[in-house]
Amino acid sequence: ALEAARHAWELDSLSAYTGFYLVSTTWLVDPQRGAEAFTLARRRMVPDDARVWEGILARSAGDCATAERLLRPFGATAYVGWYVHALVCLGRRAEADSVVRAAVADTAQRYVNPISVGIGLLALGDRDAAIRWLERGADERTWWAMLIDRFEDLAPLHGEPRFEALKRRLGLQR
């Protein structure tokens, strides 16, 4: 996947899509190199995509204040999990809980990515609810479900029997 992303970027480095593809694939394969890919592709990305990725990378690097500031406008979107994670990192658990609960309530009105909700719930320490939302993502066939073994935010679930069963169900066992 990483070679395909690099090749797509080489073929069309002016495309916002190939920039997003390069950053997301690099980050999933090698989070440390995700920042390098972002630096390369940022100029070509749609501003909101660039801001989201800058926030995700800041959080991955432990800069939770920057992550919170950058992800705040996207806290009620598909990126709710990373925003909640930044809030928890800053010690703002009550606010984080409120944000993730609002996202859960919003599922009655609009689509909310269940994998992202699971990431947020796990950041709050609710392992059981997190796994239920990951399973829901698999049931809904969101493409993010295929990435659950790559998201560093879900690393605390590795070895958890239900998480391992979900990975087997999705064909992700190595």
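The values are calculated or read from the model by the stated rules, or taken from the named source; none is laboratory data. In this text the structure is predicted, and so the values were computed from the model without any measurement. Quick reminder, even Gly has a Cβ in these numbers, built from the backbone with ideal geometry, and neighbours come from all protein chains shown. Protein only, heavy atoms only, side chains kept; ligands, DNA and RNA dropped before computing areas. Shrake-Rupley method; radii C 1.70, N 1.55, O 1.52, S 1.80 Å.
So for segment 74-174, taking the charge dipole from beta-carbon charges (+1 Lys/Arg, -1 Asp/Glu), which of V88, G125, L172 sits furthest toward the positive end? Going by the Cα projections, it comes out as L172. Between the beta carbons of R168 and Q109, assuming R0 = 30 Å, the FRET efficiency works out to 0.35 to the nearest 0.05.
If you add up the charges near W53, with Lys and Arg at +1 and Asp and Glu at -1, over every other residue whose beta carbon is less than 13 angstrom from its beta carbon, what do you get?
+1
Per-residue 3J(HN,Hα) values for segment 98-105, derived from phi via the Karplus relation 6.51 cos²θ - 1.76 cosθ + 1.60 with θ = phi - 60°, read 4, 5, 5, 5, 5, 5, 4, 5 Hz in sequence order (x marks Gly and Pro). Using Cβ point charges alone (K and R +1, D and E -1), the dipole size of segment 119-174 about the Cα centre works out to roughly 240 debye.
Heavy-atom accessible surface of the chain, averaged per residue, reaches 49 Å², computed with a 1.4 Å probe. I'm spelling it out carefully: the read-out is P(r) over Cα pairs in 10 Å bins from 0, in percent, the candidates are (i) 9, 27, 24, 18, 12, 7, 2, 0; (ii) 9, 31, 30, 18, 9, 3, 0; (iii) 11, 37, 37, 15, 1, and one was derived from this structure. Which label? Correct label is (iii).
Electrostatic bookkeeping for E95 treats Lys and Arg as +1 and Asp and Glu as -1; over the other residues with beta carbon under 13 Å from its beta carbon, the sum is +2.
Relative to the dominant Cα principal axis of the chain, helix 80-89 is inclined by about 80°. In the chain, helices alone account for a calculated mean residue ellipticity at 222 nm of -20000 deg cm²/dmol, with every DSSP H run of four or more residues adding -39,500 (n - 2.57).
If R0 is taken as 30 Å, the Cβ-Cβ distance between M146 and S13 corresponds to a FRET efficiency of 0.70.
Loop-resident chymotrypsin sites (Phe, Trp or Tyr not before Pro) (DSSP state other than H, G, I, E or B) in segment 107-168 with no more than 15 further Cβ atoms inside 10 Å of their Cβ: Y111.
Counted by Cβ distance under 12 Å from L40, the other residues give a net charge of +3, where Lys and Arg count +1 and Asp and Glu count -1. Across all directions, the average flat footprint of the convex hull enclosing the Cα atoms of segment 92-170 is 4.9 nm². Binning the alpha carbon pair distances of segment 51-147 at 5 angstrom intervals from zero yields the distribution 3, 16, 26, 26, 19, 9, 1, expressed in whole percent.
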